[in-house]
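Notes for the one structure printed next.
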Amino acid sequence: MITRIRHWFPPGIRLQLAVCYITAFAIVLLVTGAVFYQYLESSLEASLDTDLQLRTQQVASDIVIRNGTLMVHAVAGDLPGFDSATNDQPVDVNYGTLIRLLNVHGTPLSQTPAFRTLRVPARSVRQPLQGKPWQGTVLSAKGQEVRLYSRTLSERGRTVALLQVGESLTHLHALLHELVEALLIVGSLVLLACAGGSYWLTARAFAPILRLAETARRIKAGDLDQRVPVPRAHDEIHALAVTLNDMLASLDQAFKDQRRFVADASHELRTPVTVIRNKAGITLLGTPTLPEAITVLQEIGAETERLSHLISDLLALARGDEGEAQFERELVRLDLLVEAVTANAEWLAAERGITLTVQTGEPVTLQGDEARLIQVVMNLLDNALRYTHPGGQVAVIVEACQTEARLIARDTGIGIAPEDLPHIFERFYRADGARMRTGSSSSGLGLSIVEWIVRVHGGLITVESQVGQGSCFTVTLPLVQLK
């Protein structure tokens, strides 16, 4: 039933919190009331027991023993029916006096009419005669509870009689019942007040969240410059607001990167397509000779190859962003891999008049994708050779350091300006100035692909550079511990 009600009328979080508060308050009130009731009942019964003992002492002081004969005086003598054990009719224990006097054999000598209605246990007589007063609760003929106290009377150290005094518990129970009713009424009022107060407090507590939600609702994809208000108090709402603002900043940067990526990709794709179309169009307008046609086809082929590389790089990065790129996990000798790649690049370095050296020491074994790692080395070499003037030097170093392998590509090229260093791994980023005046053609995706591959392999790439002196790229990858 409760599940069906929650399905058709789902409660809001404020109502749920209010119900939780009310439930907690109700449990606290019930436990507190029960403890208070038990404490008050025990205290009243203890007070009644003390009163019974005092009353028994008072009655005992009015009983005089002379030569073994019991004589009743003063207060005890004025009690109706106490001078006879057989006369008078029983009365209600709630209003009659409850006193009985017995001899040492347990035979009643005198008792009040109301006492005759009590069902007195034998131990209430036997225990005092054995030297220990008895105190307990007994029942009347009508089932009413009576508190009874029994003690002996002595003369010169010898027990001569037994005195029992009782008091009805009806009035005490009636007082306790009235107290319970009062507690229920007061507790209900307190719960109602707590319900209203808790709902109001939860509304106030959620007011900042509602303001955050309203602000977030106004923020659209094209207006990510807005930020949610951050409260001054460093509480959970403050943490939520800061988190939302950080998320909005990330989304804003992501949208900007996406727009810039689309614009740069469009520009990079349009350039070779335009070159191909123009070359083909100009050639078709005239009557080219065979050498001219071959030259045009070679240029078209070069642009087509560049376009193919660009599309492959874009596809690789797109798959990486989607988490769909597949990486092999196999043992790779990084030192041998670097020697093979640099050997293939020596002709290009010699053609540009650049000295290319490679330094490898002990075997360096990694676990990763060999083809992707080859791509890392090739892109770093291409970047170093591209921005190094003839007569310069490019060095590739592989070394092992405890649990890490380091791949270092150092050149004596034109370097990178300090303001460009934080952006060189961004897609399609090209530094202005000297690096653009080299006349080299680059899509601006090589270093982005290197950073992506290194990151997937659990590594890190860093760069140090000074303008006019060269650059140093350091790739750190985890080693495989071979037994």
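Any read-out appearing in this document is the output of simple, stated calculations on the displayed coordinates, not a laboratory observation. These figures come from a predicted structure and were not determined experimentally. All Cβ positions, even for glycine, are placed from backbone atoms using ideal geometry, and neighbour counts span all protein chains on display.
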Ratio to report: Rg/Rh of region 330-478, with Cα atoms as the point set and Rh obtained by the Kirkwood method; give two decimals.
0.94
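Among the GluC sites (Glu not before Pro) within region 338-433, which fall in a DSSP loop and have no more than 11 other Cβ atoms within 10 Å of their own Cβ?
Details: sites: 339, 346, 351, 370, 399, 404, 419, 426; in loops: 419, 426.
In loop regions of region 338-433 (DSSP not H, G, I, E or B), the sparsely surrounded GluC sites (Glu not before Pro) are 419.
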